[in-house]
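A.B. asks: What follows is a single structure, and I will ask about it in a moment.
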Amino acid sequence: MNRILLSLASVLLVGGLVVAAFGQRPWLARADVVQPIPFSHRVHAGDNHIPCQYCHEYARRSRTAGVPPVQRCVGCHGTSGLLSGALSPVTQPWTDKSQPPFEIRWNRVYTLPDFVRFTHKPHIHAGVACQTCHGPVETMDRIVPVHEINMGFCINCHTQRGVTKDCIVCHH
Amino acid sequence: MPDGPDGFSRRSFIKLAATAAAAASVPACEPASRKLIPYVIPDNDVIPGEPSFYATTCMECPAHCGIVARVREGRVIKLEGNPLDPVSRGAICARGQAALQGVYNPDRLRHPMRREADGALHEITWDEALDTFNDKLRAAAGNGAKRVAIISSDLGPALRTILIFGWASPWRLQVPSIFYEPLDEAAAYQAAFDCFGRIDLPNYRIDRAEFLISFGADFLETWRSPVELTRQYAAFRAPRVRSAAMTVGHAVYVGPRMSLTAARCDEWLAPPLGTEANLAMGILHEVAAQGWVRPESKVDVNALKTFAAAYDPGSVEKQTGVSAAIVRRLAQQFAQANGAIAMAGTDDYETHLATSILNAATGNLGRTVTFYERNTPASRSSTKGIEATLESMRKGEIDVVLVTGSNPAYMMAPALRFNEAIAKVPFVVWFGTVPDETAEHAHLLLPIHHPLESWSEAPTRAGARKLVQPVMQPVFDSRAFGDILLSSGHAGGAPANERTAATSAVLEDMWLSSYEEEVRASRPKPAGAPNAKPAPMSPVEAAEIKRNFAGFWEQARREGGTFGEPQVADVSLKPDVLKTPPKLAAPPVTELSLFCYPHIFLYDGRGADKPWLSEIPEPVTQLVWDTWAEVHPDTARRLGLAQDAIVELKTPQGAIEAPVLISDHVRRDVIAVPLGLGHTALGRYAKGRGANPFSVLEFGRRTSSVIAHPTGKSRRLVSPLSKSDQMGRAIVEAISLDDIVNGVAPKREAMPPEPYEMYDDIPYPKHQWGMTIDLNSCTGCSACVAACYAENNLPFVGKEMIDRGRIMSWIRIERYVPTSPDAPQLYIAPMLCQQCHHAPCEPVCPVFAAYHTEEGLNGQVYNRCVGTRYCENNCPYKVRRFNWFKPEWPEPLNLQLNPDITTRGAGVMEKCNFCFQRIRYAEINAADEGRPVRDGEIVPACAQACPANAITFGDINDANGAMMRRRADNRPRDYLALEDLNTRPAITYLRDIYRRRGKA
């Protein structure tokens, strides 16, 4: 009886932990995120070779990389007439001024867990390519995470590069 | 285990199964923000994730320090001193720090409100509110020009101009006004006028003096300009060669209670309340009698002798109880010092008069005590003016009253019968942030911008002009006071154009016209006619001035104003003042006197709505969140009062009740009570705590005769400090001046025979962060504590939790009462994590949450911490704090939180980490620029705020850095707190220097 109970409990416990470990890590990058407009990184960064930091301009200056302001989108699409039909909800307010500019509410793909402080700036200055963490973005129509950004991922890279592995650097 | 052969019971199974089920069923929680919303049009000044800094001026007290606001993503998260400002010089006090909790106060008025006939307040729109306001003004203006009055504190030049020209004159109103500060120094103004013919107050240069005597002026706490005077006092106290001998400035405090200022002075004299002037006159008598009047002062010695004739040291001894020998010594020290200052903070005229004459006669006027040319005096109403306006209110001659920046219902003495006066006014408009006692009388409540959200100009002294600028968008649906007046002025008939529509435009135009005037005045005058008017300007010239002004204005906004050197005015004592010797009353016959003083943080009560200011212990008493009555032990015994017993204090004006604090730091015949609490409004943090001493005082006085009765009730006074005695342990140390001069090495208690090492030493190849704290400079003002609360997201916990030892401050002011007379009056030191090299907290952590970082810090990894609190138990400095609860910041106080660090949750241990976010910020910048971190580049919040510059931060590996040099330059004052424990702290303290007392 006890043996059955023990094995049943173990199965339940292990099963529970597995579900807990894989099913509910809300901080993980998400593969299922669909954006409000069908923006393609492949077209922009891949086909047209627009540098990442043309749009994510704060990456070298701040802790966050920054999402481009709508003005940046319109800067190209408003004047070049590229895709003006499909993009008219975004660009039209800028030309006819009769309605307030469109605010794009992107869905977040990458999230850091609590208790972690990450800063883009030193990584960019150290010459780490964006793709190191974010994968071959220039080939993706829709962003899907390639790497699981967890502590092991960070520490691996820091070990290889021989840079700080002090806990407090990220955990403060 | 009793259950079976394999030790697995049914009970264990259920436990395990329940755990597993619970683990599986925890819903996948969605993080708060899953959306990324970019700017539509980016703000060029904002880099998300990086702070912006805006210079403005602190409006928390009449000193008006220049400050710099640190703004992240459009909200202000920290205030620091503006290094360009000669008043603050980059430092800021606790009250200034707490201005943040004024902007984000959850009890701020959020919408305009109107009081309906039933007395209830109803929310209305701004249009309705302004229409109501203007209708009432129109009706009042129709009844006469003097039917609208204003009650306010000093508005400053810009708002004053708007009030008069932009609002009152279009409405054809003359506006009887009450410009008033409850702790206004009427006596000081009167003395400055009588002695020197000045309508402003003198400025002090303590750093240029060697001797200082303060008659009740708490210049390290609240008096005049505490940040500036604290900085000067630190220079005054610095040991250096003065008059050919190594010494520190000598300071004497005269007052009935040992304030923090008194504790930091060499001597504390406590003559009977009201006889401070006798002592000052006694000193004056000796100065005259001994021929110490400086000839260059042009003071008539014989007139002075007659003036002070009645105050020979013998008589003064009888009147004050201060021995004649001390009076003679003080006079000699004062007269013979190379620079001396007498200052008065009492509420009687005679002390101010005597100190003014003393400063003048000893040749200190113009050196350590100066008046400035072209100084704009504060706008303040005379007592008569206040009484007259209140009288016309009572008579029903006023139809509308505007109240702003002032809380007369709380602060005005009952004798003025303010409540009666305001009740007679049919329409009261209150402009403010947190509704206070006066707002309860108002019919229309208009939420105005906090000074951190609005434009104006701070009242300031000659040489400087200080801008108050918005550092962020308003938190609530409020409007600027100036803008409301301007829009109302338009309704009253002022021509509307864009230059008169907003306070900012009016302000800019005011600066432009004074700029033009200055340029015009500086143009060369025609030869031979120095008084001739300069030639009128050509249009080309005028256009050029406008162009140049654009650059000037840009710079002024960037720097927070213009900071020129004021010109010292040539002032001398008016001979007439010596003609009538003061008639000083005999020592008071009352058995007991009440002495009220401004609380170092709450000041006159305006700080009570900011929880940090109640949470930080008052440095001398170490009490929090309450009003106390400080009673001498002998008096307490006589009256039958125990600690915490509530005593009723009855004066001719009224009665208050407060719990008793039994303390040696007050005269036997005096009961000392701090101002600041006893609010019946002013939001959740102020309302219903403590007692309001203003309600038992005469107007303009801070003392009264009093009768004290025990009430039989009691209320616990709470202090986070467990002991006032160091129990012989070396926590806060001091060294006598004699020992410094004679090179006597300080005695250490109970040192281990030799430092021992059990393990290999930890190397610090890059940096080892450390701190040097000079206890001789530290005044205990607690600016560092408030700065830490702001920078590190420390929660406030309230009185009950502090009583249970749950205060969260990472840095605190330790206060110990010496047990031997050969010591400073109080031992005071900031205590924070010592970042020990052999840290007792680290090895006891079972989960490695407390660990040693590569740069010598005792790191605390919050997400590893499981809350065993072993580390806290093992810490000999008691600087670790445990989160017993999830900290709460009611909206929108949470907007102040620093986004650069983790906000800790329940069950987690936390502690000082030398503001690691600032260390990291500097390290990243340095690495990105390919250079090492510069010395002085990293400044933790506590060091940044310190007005006395007592804290220096730096790298222990850098022997030439300022921090290590400060240690080396001050041997043998350096010591380690509790060195005998062999913890090897990274913080080195420099011993406080005291003068041996007891010598005449």
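A.B. asks: Apply the a/c threshold of 1.5 to the C-alpha gyration tensor of the range B:404-444 and tell me whether it is rounded, prolate or oblate.
C.D. replies: Cα axes put the range B:404-444 in the oblate bin.
A.B. asks: I would also like to ask the following. As a quick test, which of the pairs B:LYS136/B:LYS610; A:LYS121/B:LYS911; B:LYS610/B:LYS723; B:LYS146/B:LYS424 have an alpha carbon distance above 24 angstrom in this structure?
C.D. replies: B:LYS136/B:LYS610; A:LYS121/B:LYS911; B:LYS610/B:LYS723
A.B. asks: Could you list which residues have their amide H under 5 Å from that of B:SER736, counting only those 5 or more apart in sequence or on another chain, with H placed in the peptide plane?
C.D. replies: B:TYR994
A.B. asks: I'd like to compare A:132-141, B:731-740, B:117-126, B:603-612: which one has the highest average count of other Cβ atoms within 10 Å, and what's the full order after that?
C.D. replies: By packing density, highest mean first, the sequence is B:603-612, B:731-740, A:132-141, B:117-126.
A.B. asks: Give the shape of the range B:96-206 as rounded, prolate or oblate, defined through the alpha-carbon gyration tensor: a ≥ b ≥ c are the square roots of its eigenvalues, a/c under 1.5 means rounded, and otherwise the shape is prolate if a/b is larger than b/c and oblate if not.
C.D. replies: Because a/c hits 1.5 or more and a/b fails to exceed b/c, the range B:96-206 counts as oblate.
A.B. asks: Collect residues whose amide H, placed 1.01 Å from N in the peptide plane, falls under 5 Å from the amide H of B:THR247; neighbours closer than 5 in sequence don't count.
C.D. replies: B:ARG240, B:VAL241, B:ARG242
A.B. asks: Tell me which residues come under 5 Å, amide H to amide H, from B:LYS78 once H is placed; ignore anything under 5 positions away on its chain.
C.D. replies: When sequence neighbours closer than 5 places are left aside, the close amide H contacts are B:ARG70.
A.B. asks: Using the alpha-carbon centroid of each, what span in Å lies between the range B:161-184 and the range B:104-126?
C.D. replies: Using only Cα atoms, the two centres lie 24 Å from each other.
A.B. asks: Which value, in debye to the nearest 20, describes the size of the charge dipole of the range B:127-212 about its Cα centre when Lys and Arg Cβ atoms bear +1, Asp and Glu Cβ atoms bear -1, and nothing else is charged?
C.D. replies: 460 debye
A.B. asks: With contacts defined as alpha carbon pairs under 8 Å and 6 or more residues apart, what's the relative contact order of the range B:431-510 in percent?
C.D. replies: Rounded, it is 25 percent for the range B:431-510.
A.B. asks: Using +1 at the Cβ of each Lys and Arg and -1 at the Cβ of each Asp and Glu in the protein assembly as shown, identify which of B:ALA98, B:HIS767, B:CYS942 lies farthest towards the dipole's positive end.
C.D. replies: B:HIS767
A.B. asks: Can I ask one more? If R₀ is 51 angstrom, what is the calculated FRET efficiency for the pair A:MET151 and B:ASN338, using the beta carbon separation as r and rounding to 0.05?
C.D. replies: After rounding, the FRET efficiency stands at 0.20.
A.B. asks: As I understand it, the dipole of the range B:852-921 uses +1 on the Cβ of Lys and Arg and -1 on the Cβ of Asp and Glu, about the Cα centre. Which of B:LEU897, B:TYR862, B:TYR877 lies farthest toward its positive end?
C.D. replies: B:TYR877
A.B. asks: Using Cα-Cα distances under 8 Å and only pairs 6 or more residues apart, what relative contact order does the range B:854-988 have, in percent?
C.D. replies: It comes to 17 percent, rounded to a whole number.
A.B. asks: Any chance you could get the radius of gyration and Dmax over the Cα atoms of chain B, in Å?
C.D. replies: For chain B, the Cα-based Rg and Dmax read 30.1, 119 Å.
A.B. asks: Counting Lys and Arg as +1 and Asp and Glu as -1, each charge on the Cβ, what is the dipole of the protein assembly as shown about the Cα centre in debye, to the nearest 20?
C.D. replies: Here the protein assembly as shown has a charge dipole of around 520 debye.
A.B. asks: In whole Hz, what ³J(HN,Hα) sequence does the range B:865-877 give by Karplus (6.51, -1.76, 1.60; θ = phi - 60°), x for Gly and Pro?
C.D. replies: Values, residue by residue: 4, 10, x, 6, 6, 4, 4, 5, 5, 8, 7, x, 9 Hz.
A.B. asks: Which whole-number percent gives the relative contact order of chain B, counting Cα pairs below 8 Å spaced six or more residues apart?
C.D. replies: Relative contact order of chain B: 14 percent.
A.B. asks: If you add up the charges near B:TYR253, with Lys and Arg at +1 and Asp and Glu at -1, over every other residue whose beta carbon is less than 15 angstrom from its beta carbon, what do you get?
C.D. replies: Summing Lys and Arg as +1 and Asp and Glu as -1 gives +1.
A.B. asks: Would you mind giving the mean number of other chain beta-carbons within 10 Å of the Cβ of each residue in A:51-59, as a whole number?
C.D. replies: Partner Cβ neighbours, averaged per residue: 1.
A.B. asks: Additional query: Mind listing the phi-derived Karplus ³J(HN,Hα) values for the range B:630-646, rounded to whole Hz, using 6.51, -1.76 and 1.60 with θ = phi - 60°, and x for any glycine or proline?
C.D. replies: Those phi angles translate into 7, 10, 5, x, 5, 5, 4, 5, 4, 8, x, 10, 9, 4, 6, 6, 7 Hz.
A.B. asks: Is the range B:796-895 rounded, prolate or oblate when judged by the Cα gyration tensor, a ≥ b ≥ c being the square roots of its eigenvalues, rounded requiring a/c under 1.5 and prolate requiring a/b larger than b/c?
C.D. replies: oblate
A.B. asks: Which whole number gives the average, over all residues in B:901-912, of C-beta atoms from other chains lying within 10 Å of the residue C-beta?
C.D. replies: 1
A.B. asks: Among the lysines, select those whose C-alpha is under 20 Å from the C-alpha of B:LYS298, and discard any that sit fewer than 8 residues away in the same chain.
C.D. replies: List returned: B:LYS574, B:LYS579.
A.B. asks: Looking at chain B, send over the antiparallel percent of its DSSP beta bridges, to the nearest 5.
C.D. replies: Counting DSSP beta bridges with both partners in chain B, the antiparallel share is about 55 percent.
A.B. asks: Find which of B:TRP810, B:ASN793, B:GLN825 sits farthest along the positive direction of the dipole of the range B:790-832, computed with +1 on the beta-carbon of Lys and Arg, -1 on that of Asp and Glu, about the Cα centre.
C.D. replies: Going by the charge dipole, the pick is B:ASN793.
A.B. asks: Write out the chymotrypsin sites (Phe, Trp or Tyr not before Pro) in the range B:709-804 meeting two conditions: DSSP loop, and at most 16 other Cβ atoms within 10 Å of their Cβ.
C.D. replies: Loop-located and lightly packed - B:TYR756, B:TYR759.
A.B. asks: Using a simple charge model, +1 on the beta-carbon of Lys and Arg, -1 on the beta-carbon of Asp and Glu, nothing else, what dipole does chain B show about its Cα centre, in debye to the nearest 20?
C.D. replies: Once rounded to the nearest 20, the dipole reads 980 debye.
A.B. asks: Of the DSSP beta bridges with both residues in the protein assembly as shown, give the percent that are antiparallel, rounding to the nearest 5.
C.D. replies: 60 percent
A.B. asks: Just checking the output field for B:632-641: average partner chain Cβ neighbours within 10 Å of each residue's Cβ?
C.D. replies: For this peptide, the per-residue mean of nearby foreign Cβ atoms is 0.
Computed from the coordinates by the stated procedures, all read-outs in this text should not be read as laboratory data. Please read these numbers as outputs of a predicted model, since none were measured by experiment. For neighbour counting, all protein chains shown are included, and Cβ atoms are generated from backbone atoms with ideal geometry for every residue, glycine included.
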